[in-house]
Amino acid sequence: MAKHPVLVDVTDRIIERSRRTRTAYLDRIRSATLKGKVERSQLSCTNQAHAFAAMPNETKIRLKEATLPNLAIVSAYNDMLSAHQPLDMFPAWIKEEALKVGATAQFAGGVPAMCDGVTQGQPGMELSLFSRDVIAMSTAVALSHLMFDAVLYLGVCDKIIPGLMIGALTFGHLPAVFVPAGPMTSGISNDEKAKTRQLYAEGKVGRDALLESEAQSYHGAGTCTFYGTANSNQMLMEIMGLHLPGAAFVNPNTPLREALTREAARQAVAISAEGKQFTPIADIVDEKVIVNAIVGLMATGGSTNHTMHLVAIARAAGIDINWDDFDALSAIIPSLTRVYPNGKADVNHFHAAGGMAYVIRELLDAGLLHEDVNTVVGHGLRRYAEEPWLADGKLAWRPAVAAPLDRDVIRPASEPFAVDGGLRVLSGNMGRSVIKVSAVKPEYRIVEAPAVVFHDQNDLLDAFKRGELEKDFVAVIRFQGPRANGMPELHKLTPALAILMERGFKVALVTDGRMSGASGKVPAAIHVSPEALAGGPIAKVRDGDIVRLDSEAGTLEVVVPAEEWATREAVHVDMSHNDFGVGRELFAVFRNTADAAEQGAMSFSHPLWRD
């Protein structure tokens, strides 16, 4: 199947736009690559002695030889967070497999992993976005010892995978295999959980009923089962060729999960400089792979957080993408899945119905993915149209199912749920933003109503409880951008706004903040840039202004005369209350230097992007 012309055109534009920065990146990576030598060979004897002093004898002997590959393990393990708790056993398995194939492995370092589910609506959420950059920096610290010839990255959730990716690409001369933990088994239905949340928001059930509902949903080890940012991460690692094929959605604590983890170690040795298939991550993550990632996001209705994270990841590889690329690809990529919040199923149901292997095959056969890319298992994405299984207890792969096993969850590219990817870019006199409409019913995609302005999400919830929002309105929540308060997610607004919609009111949200990857239903223009604190026009909006959000036309406008809008002054808000508490003092440097959302909201300026 010939590639779709828009896929080719967007890719060509990205290649041309990135020519200077990509060339500079690759030149730097090539200069860091040692030819025919292990990484630790550049260290002094004293350096090396420090690095293997605590190792078991067999590992120490091999490290002394300085000829055999040594794998780094960089992990986001902690046992508070369900998604990362299964990673506990992975280093032992990896070390065992490395020894079996003549290599060694060391736990190079840990990176922090915070959970937006725990911090949602709390002050700690203001650290969440920038934890991505801390993770990237922590990865650099782990790898700075120059002891490693390939890296296994163990992580799952929202900021962890993007942070690990930025760190990995900074050390782009090293091969990398990403190793997921898998989703927890299914709990109560998403509809049941959402219903209890709304009943609680209306005061019809108590906190005990809410807690019991949540505990039945988030009930065991593994990733949350809705299709939010965490599971979008795993989809991306799969479609970018950085996992073993089919590794994304295998449950933890199963024989198949262990087999995939052990095989990841063996494959990391194979693609190391001393292996037979040397493949540094810089040679995998190129312009075509970044385009494939965007395509996967559109085809599966993935998290809007990746309109920032993918930009940041691409920039770490010297690749320049923007929201127009997302918009152009969304227009041609069919929606092939319905997974909560875009449908009723969870990721376990999606995986059982055909999963990523089926989606990738459909996109390849429709000419909507670049097949000619490098992956951790060799050249060509077609291997990822296979799914893993245990044949007589041994890991093997077989072709994806011929047809989806549940057409309410997965569809072929010839009969999609929708002809586009459901992500749109909005622009107008309020700035630029993105909106995810795949979970929004068509009748709610255009809203024109008076603005009600808030500077804190709790103020909106208080107004809702007082009954002041029983009307048509557009909630404008500003001073929520990266520089204002770290851009927390505003997910806890969804139940209240959804209730108002169900009561027949026309409601929309406009914000320079974020919404969770789990959010849906409510039309939300998010990531408005420039943000209010940077003098963006969203800071000019007043209560009662008529705001028109038109996701069909791609516009976001305040309906006031142009002359008045041009001369109206922006509101200034004292944000000093965001400067302290739960560690926010330590993150001031991140807030002060963050880029705009469309530039990835990165808090450090990569040398490639300096003028």
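The values are calculated or read from the model by the stated rules, or taken from the named source; none is laboratory data. Quick caveat: nothing in here was measured; it's all calculated off a predicted structure. For neighbour counting, all protein chains shown are included, and Cβ atoms are generated from backbone atoms with ideal geometry for every residue, glycine included.
Checked against the criterion of being touching a strand residue (DSSP E or B) at 6+ places or on another chain (Cβ under 9 Å), closer than 29 Å to I313 by Cα and surrounded by 13 or more Cβ atoms within 10 Å (Cβ to Cβ), the stretch 556-576 contains one or more residues that satisfy it. When the residues of the stretch 69-119 are filtered to those that are crowded, with 21+ Cβ neighbours inside 10 Å and of a type in the set (F, W, Y), the one that is nearest to V151 (Cα to Cα) is F90. Checking A98, A24 one by one, the residue that is in contact with a strand residue (DSSP E or B) (Cβ under 8 Å, 6 or more places away or on another chain) and either in a helix (DSSP H, G or I) or not assigned by TED's automatic domain parsing to the domain that holds K159 (or both) is A98 and no other. Among the residues of the stretch 407-418, some residue qualifies, meaning at least one is outside the structural domain of V250 (by TED's automatic domain parsing), touching a residue at least 24 places away in the same chain (Cβ under 8 Å) and outside any loop (DSSP other than H, G, I, E, B). Would it be correct to say that T11 is farther than 23 Å from T279 by Cα and among the β-branched types (V, I, T)? Judged against the criteria, T11 is not a match.
Exactly one residue among G583, G600 is under 27 Å from G121 (Cβ atoms), touching a residue at least 40 places away in the same chain (Cβ under 8 Å), exposed (fewer than 12 other Cβ atoms within 10 Å of the Cβ) and within 26 Å of the chain's Cα centre (by Cα), and that residue is G583. Restricting attention to the stretch 465-519 and to residues that are among the hydrophobic types (A, V, I, L, M, F, W, C) and in a loop (DSSP other than H, G, I, E, B), the residue that is surrounded by the fewest Cβ atoms within 10 Å (Cβ to Cβ) turns out to be F505.
In this structure, G301 does not satisfy being modelled with pLDDT under 95 and either surrounded by fewer than 24 Cβ atoms within 10 Å (Cβ to Cβ) or of a type in the set (D, E) (or both).
Within the stretch 72-83, is there a residue that is touching a helix residue (DSSP H, G or I) at 6+ places or on another chain (Cβ under 7 Å), assigned by TED's automatic domain parsing to the domain that holds A265, part of a helix (DSSP H, G or I) and modelled with pLDDT of 95 or more? Among the residues of the stretch 72-83, not one is touching a helix residue (DSSP H, G or I) at 6+ places or on another chain (Cβ under 7 Å), assigned by TED's automatic domain parsing to the domain that holds A265, part of a helix (DSSP H, G or I) and modelled with pLDDT of 95 or more, which makes the answer no.
Of all residues in the stretch 105-135, those that are more than 14 Å from the chain's Cα centre (by Cα) and in a helix (DSSP H, G or I) total 9. Each residue in the stretch 477-499 was checked for being out of contact with any Leu (no Cβ under 8 Å at 6 or more places or on another chain) and over 21 Å from K159 (Cβ atoms), and 4 pass. Remark: pairs (first residue in the stretch 263-289, under 14 Å from V377 (Cβ atoms); second residue at pLDDT below 95 and part of a helix (DSSP H, G or I); Cβ separation under 6 Å; 6+ apart in sequence or on different chains) are absent. Can you tell me which residue in the stretch 365-392 is farthest from R266 (Cα to Cα), limited to those that are hydrophobic (A, V, I, L, M, F, W, C) and assigned to a loop (DSSP other than H, G, I, E, B)? Out of the qualifying residues, it is A366. When L493, L461, L497 are checked against the criterion of being closer than 18 Å to Y200 by Cα, touching a strand residue (DSSP E or B) at 6+ places or on another chain (Cβ under 6 Å) and either modelled with pLDDT under 95 or not polar (S, T, N, Q) (or both), a single residue qualifies: L497. Please verify whether P162 is under 17 Å from the mean Cα position of the chain (by Cα) and either touching a residue at least 24 places away in the same chain (Cβ under 8 Å) or in the same structural domain as Q234 (by TED's automatic domain parsing) (or both), treating the condition exactly as stated. For P162, the condition - under 17 Å from the mean Cα position of the chain (by Cα) and either touching a residue at least 24 places away in the same chain (Cβ under 8 Å) or in the same structural domain as Q234 (by TED's automatic domain parsing) (or both) - is met.
Taking the stretch 289-334 as the range and being acidic (D, E) and not in a helix (DSSP H, G or I) as the test, only D320 passes. Looking at R132, R197, just one residue is touching a residue at least 60 places away in the same chain (Cβ under 8 Å) and not assigned by TED's automatic domain parsing to the domain that holds N348, and that residue is R197.
No other residue among A259, A265, A273 is of a type in the set (G, A, S), over 30 Å from I15 (Cα atoms) and surrounded by fewer than 22 Cβ atoms within 10 Å (Cβ to Cβ) apart from A259.
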